[in-house]
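**Student:** Below is one structure. I have some questions about it.
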Amino acid sequence: MVAALPEFAPQDTVFVWFDVAQIQLYNQDLDTDTPPDAVAALRIAVTQADAIVIATPEYNHSIPAVTKNFIDWASRPFMKGSLTKKKIMVLVCGPVAGSGSHGLAATRQVLELLGNTVSFALAIGEAHKKVKDIDGQATVVDSDLAQQLRAGVTELLV
């Protein structure tokens, strides 16, 4: 899903991708002046970003652990971390029509608690039917979703 976003942004927009699978589970004992290397890289990337896109699945009507882990590491120290006062787009994918709204609400709540602005939020049910790999490139094949993502990217970059 997120790989299709450059299609909706101005050509001079730079997207930086960060693989959150590299980050170990949050442990306050490891959150020192010299955090793990992957965490240090994450914090630098978030600090340097003008805006953030969080694309996540919904698991059991809530925020998945990997997404929460990203937020926990990036937001520390509390209210002074790199993920504070950022403009954020949140995309939450669910497996069936109408799903994703619970995960969206949970993600949005924690981000706003941290002083961020969620400029655009979208629950995307049946995302696997709306975004396809065409010639090795993520392509939005659902016209309604394409229109919503175009509006969201525009709002994020304003």
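**Student:** From G125, G103, which residue is closer than 23 Å to R150 by Cα, crowded, with 22+ Cβ neighbours inside 10 Å and either in contact with a His (Cβ under 9 Å, 6 or more places away or on another chain) or free of Cβ contacts under 8 Å to residues at least 40 places away in the same chain (or both)?
**Tutor:** One residue alone meets the criteria, G103.
**Student:** Within the range 41-56, identify whether any single residue is under 12 Å from the mean Cα position of the chain (by Cα), assigned to a helix (DSSP H, G or I) and closer than 23 Å to L156 by Cα, and answer yes or no.
**Tutor:** Yes, the conditions are met somewhere in the range 41-56.
**Student:** Is the range 67-85 home to any residue that is within 21 Å of P6 (Cβ to Cβ) and part of a loop (DSSP other than H, G, I, E, B)?
**Tutor:** Checking the range 67-85: not a single residue is within 21 Å of P6 (Cβ to Cβ) and part of a loop (DSSP other than H, G, I, E, B).
**Student:** So how many residues does the range 41-56 have that are under 28 Å from H128 (Cβ atoms) and charged (D, E, K, R)?
**Tutor:** Summing the residues that are under 28 Å from H128 (Cβ atoms) and charged (D, E, K, R) in the range 41-56 gives 0.
**Student:** Here is a further query. Tally time: how many residues in the range 128-157 are surrounded by fewer than 13 Cβ atoms within 10 Å (Cβ to Cβ), farther than 20 Å from P57 by Cβ and in contact (Cβ under 8 Å) with a residue 12 or more places away in the chain?
**Tutor:** Total satisfying the criteria: 1.
**Student:** Can you work out which of the residues in the range 3-36 that are surrounded by fewer than 10 Cβ atoms within 10 Å (Cβ to Cβ) and of a type in the set (D, E) is modelled with the lowest pLDDT?
**Tutor:** D19
**Student:** When the residues of the range 51-77 are filtered to those that are among the charged types (D, E, K, R) and modelled with pLDDT of 95 or more, which remaining residue is farthest from V92 (Cα to Cα)?
**Tutor:** Step by step, filter the range 51-77, then rank; the result is D72.
**Student:** Give the range 4-24 a look and list any residue that's of a type in the set (A, V, I, L, M, F, W, C) and closer than 21 Å to K68 by Cα, or say none.
**Tutor:** If the condition is that a residue be of a type in the set (A, V, I, L, M, F, W, C) and closer than 21 Å to K68 by Cα, then V16, W17, F18, V20, A21, I23 are the ones that fit.
The values are calculated or read from the model by the stated rules, or taken from the named source; none is laboratory data. Everything numeric here is computed off the predicted structure, so don't read it as measured data. Cβ atoms come from the backbone with ideal geometry, glycine included; neighbour counts cover every protein chain shown.
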